[in-house]
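Since every read-out is calculated from the coordinates, none of them should be taken as a lab result. Nothing here was measured: the structure is a model prediction, and the numbers come from that model. Neighbour counts run over all protein chains shown; Cβ positions are idealised from the backbone, glycine included.
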């Protein structure tokens, strides 16, 4: 499973290789023959107008949506045939657009569930909350600015705190590829600054795939930017290059 | 077919004598009997701690008044209450008025068992009149045997049961079925039968007996189809088409409950004319016709021991009293009449035994007669079922039956029929 | 089972069997249409659907009694009056129920199941107290009884034809309402996005109440029609509920067309199997088939693939 | 961290231990002392339904999986037990009047001349006890795996379980030669020669039942307190999030569904022992939905509430149907509606919102840890 032929002379050390990916919903191709390569430790931002297929790409990678054709390889492993939880176990973490945390559980329990141990039924039954777990959770809580709210229920957190908590839940999984869908949407200015700081801290030693609309934020973090339009890659490269690409200007400013 | 062994060759004579006997002691005339004479001491008639006082004796009524079975069981409750009221009006049992404790079985078999236990253990009922479905009887039977109670069970049923603690006032299957099959074979020359039934124990067992009889005892008899439908089934067009294809001499239907209504309506709509196509049923009493609609079933034959239209003085008085108590519109079916027998048979048995004690009542039961029975005359057999006649009625559009045949003799109850199992 | 029959006999039986299948299909569609609106469009699991049908049946019975006793001259056409009244009665009860019960539960679909189950128990007891525990027989005008002789051997039931035409009419009316009328647009808008629909000025409460009322009203008409082929008693509604839900779910709850297709599939399967097998087994096999297919295609047979 | 050690003994919070002790005192001491054997046997019967209700708390309350087919499992458990008892009651000596002695009476009536193969294992008590739990659990596993893998959930799952209950009822009623049909399996007498119909036996069975129930409650609390319990709640809340945290949601759902099925089956087996028979009327849709209402009345999030809910509804049913049979359905229907509309958290919610705080004020214990019954959140 782990060794797969690597197509079209691409360098073999890409972490994520998406090739000719297509998904259609009743004939509408939300993603159309898309190819995308993400390096190890690269921070890639995907931008594009509404309906460009950004979220669908993340859905495809994490298995939420099944591809019509094409392939997604992660560390050489084909993801399109794996179930969601197997994809997570392979090392892909995903944060949703709207904060997706467990309202009925405390911050501590939210993080604990994401702790990568005891993920089988039997494992969950016999899971012990030992010192190692508690230490790790406290460490993450510190990182996501929620140390003092550890035993509060999720639903009482502010919107920004929920976003952080979800990021924390991903961190504790320690994924090699972290996918974030609009992590700063709906945040106040101070929260946004803190989030940028948080992201900058956590993206070390892993690859990150971010969807974001906030150009200032994109500029702050992106190594490279991919512009999607109508399910296809419109432009790719550094922020500067993309900003000056006439096709991009056409799409964003045209009409 | 088993008939009354006491008079095997003189059926006409017997019938005449019975009719005369009944005329001599007409039903309401019973009230004249002096039952107000001194009641025997309680200690003497009740040695086992039943709910009997110097003036009162408690009995239970246990039927469903809620749930799906309420439709069927209402008539039985009415009949039992009527009988008890009449008995009380003429002085009660051994000088004691009957007091009723009524419990709701709620169409739920374990609930029947629970309530039966309550009636016996808590209320110490001297007897219980109740149950309708076989399932409810099966559920309460161990209770009655364990706590030694007395149950009078009114419904025609599949047989294969006999208990010291139960008097079966309805007919068991062979009693009801065989006479009807013989009749249809003899008078209509029927040879091919299509058996239908709701999918549970009574229709299946009854049809099994019917099949054995048709194939074993009727000349040229043949079963050309046999089918069962889930309880509550409402779509019969496919089987009606099959019947049209096979063209049996007789449709033999044991469908119950709401399915009945659907079946006969669809049969009629499909153009099967019951005046030309013989249909014999053992499950449609006058109660059911109420829901089916007389015009949908007119012409069908039913085989059972009682029809409301039965022409005898006992029945006239019974129907009149029933209508007076429960309204002119209520119809009376076979089971309702059988339920009415229960309290009377118990009264006569207790008086014969001179005691309310269950053991003595059970032992005294065989041979007890009820000459005032609306159906004519019944007598309890050693096996605790009733000797009774079987009749064939033809459904009229107004929801009543014309009685067109009755067995010459009382038919012997045979709950474990040899050769039919 | 076919030895000894002429080809003509067999052919006519198959025609009649096809007709039986169509009647069953009509019955399923009538049962399911109201529920498809209530469950499919509004997401309310109305376990009292059968009881709304039975209300229609009782209204029909009362009409038949009134016409027979007071205006016998008009008896032949009473059924049409009865169906209209059944629609009004069930619809009105539906709107009352929506106001008193359902509107508090839109966010908790599973709880509507429990609440409407409670409602069905109450309605059953009310019917029993008002109309008595026994089944009532609904008399039909004579023109609706019997069958039409098409050829020597083929005959079709008049009430079957009646149910089928009624089904067509109701289906067309519902389709028109859903896809051509202002109400239909509003319903679809509310179903797709309640908040947005409210924001653009649709009175969502009114739409909900009307929708629920119409769904229940159709159930009432169905019940009225079923007096021709089935029984009318306090608990008769329960006979229909599982079948009805399966038809709707099997078709894909959101799609009216799916409901009709699924009614067709299930009815044909059941009626064919009933012909070749015994009734109980046919029923079991049909249910098993439906459950099995639902496991493979949980979103229903006839639903378009959409982005979640 | 300190919060977690406070007031916890193993996996039980102090309030939970107090609750369990209070319940144990009620059903093991108070009830037997104050009721005669007839009523006690009734309470015993009700308590067998509580097994189902506890299972439903785990499966529906915590896991969000509403099954309208718990009667299936209650019935299967009960039938397994009944098959064993029936075989024992059908000894050659007891059935010598039959054409084939030694097989259950209903088989004989249906012309069976030998015991069907699937009855054979029920000659042995150990195998029967295994089957009581295993048969329903395997059945639940098959249904659960098929449905949850395909992501059938919510309403659809509820309706499909209902259909399965309908299928099974038709089958049991139709195959009367093998199952006893609509009458069920009746006239059960002894368990390894011990007459289960005597008052003494009823007492013993009542206490066995009560002990099992307490055991099941403790098991429930264990599951609830484990990480699995939190995953169930999490799944009910945000199924996708759990999936994307690396869990196989289907496996967890299947597990809790099987667990609920097994619990229901234990209840069914105890029912058979105490009541003395089993019938298909428990497998159907109506009893299954009634069992859901026991849970809802008790509070769908409260394990201990399920027991009280079951007791309350059944006591009300018995009391009402003894005095006003007509009113019973109205009462039950009204209860459904009232619980859903006014008390979505049932008795446990009422306890948590009003009684417990009042109690706390009264005793001035100052512990508000018990304020929310069972420590579970209200929705």
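Just a few scattered comments:
- Of all DSSP beta bridges in the protein assembly as shown, antiparallel share, percent nearest 5: 45
- Counting other Cβ atoms within 10 Å as a rough exposure proxy, the listed residues A:229, B:217, D:200 run D:200, B:217, A:229 from fewest neighbours to most.
- For residue D:361 and residue C:276, the FRET efficiency from 1/(1 + (r/R0)^6), where r spans their Cβ atoms and R0 equals 51 Å, is about 0.10.
- Label zone (residue B:329, point 7 Å along Cα-to-C-beta; backbone nitrogen cut-off 13 Å) within the stretch B:280-321: B:290-291.
- DSSP beta bridges in chain A [antiparallel fraction, %, rounded to 5]: 55
- Whole-number percent relative contact order across the stretch A:24-168, with pairs defined as alpha carbons under 8 Å at least 6 apart: 21
- B:96, B:396 arranged by Cβ crowding within 10 Å, fewest neighbours leading: B:396, B:96
- Whole-Å distance, taken between Cα centres, linking the stretch C:23-51 and the stretch A:89-118: 40
- With Cα atoms defining each centre, the stretch B:324-346 and the stretch C:129-149 are spaced 26 Å apart in the structure.
- Chain C: most fluctuating residue of C:71, C:170, C:266 per GNM, C-alpha cutoff 10 Å: C:71
- With both labels modelled 7 Å from their Cα along Cα-to-Cβ, the residue D:127 to residue D:111 distance reads 2.8 nm.
- Calculated FRET value between residue A:117 and residue A:142, using beta carbons and R₀ = 25 Å, to 0.05: 0.80
- Every helix of 4 or more DSSP H residues in the protein assembly as shown counts as -39500 (n - 2.57), and over all residues that averages to -17000 deg cm²/dmol at 222 nm.
- Over the stretch B:173-304, relative contact order from alpha-carbon pairs under 8 Å, at least 6 apart, %: 26
- Residue mean of other protein chain beta carbons inside 10 Å, A:59-65: 2
- Calculated SAXS-style log₁₀ I(q)/I(0) at q = 0.18, 0.19, 0.21 Å⁻¹ - the stretch D:244-369, Debye, Cα scatterers: -1.12, -1.18, -1.27
- Spin-label model, residue A:40/residue C:199: points 7 Å from Cα along the beta carbon direction are separated by 4.6 nm.
- The distance from the alpha carbon centre of the stretch C:178-227 to that of the stretch A:215-234 is 44 Å, rounded to a whole number.
- Amide N proximity, the stretch A:200-227 versus residue A:86 label position 7 Å along Cα-to-Cβ, cut-off under 14 Å: none
- Neighbouring Cβ atoms from other chains, within 10 Å of the Cβ of residues in D:38-51, number 1 on average.
- Inter-chain shielding of D:57-69 (mean C-beta neighbours from other protein chains, 10 Å cut-off): 1
- FRET efficiency estimate (nearest 0.05) - Cβ-Cβ, residue C:74 to residue C:268, R0 41 angstrom: 0.60
- Fewest neighbouring Cβ atoms within 10 Å first, the residues B:199, B:249, B:287, A:245 line up as A:245, B:249, B:287, B:199.
- Rel. contact order, % - alpha carbon contacts under 8 angstrom, at least six apart, the stretch D:2-375: 30
- Peptides D:290-297, C:119-126 ordered by average Cβ neighbours within 10 Å, highest first: D:290-297, C:119-126
- The packing ranking, built from the mean of other Cβ atoms within 10 Å per residue, places the peptides B:271-278, D:280-287, D:38-45 in the order D:280-287, D:38-45, B:271-278, highest first.
- Note on the stretch C:11-288: Rg/Rh from C-alpha atoms, Kirkwood Rh, equals 0.98.
- Modelled spin-label separation between residue B:404 and residue C:7, with each label point placed 7 Å from Cα along the Cα-to-Cβ direction: 4.0 nm.
- Here is the size of the stretch A:30-253 from its Cα atoms: Rg then Dmax, 17.9, 58 Å.
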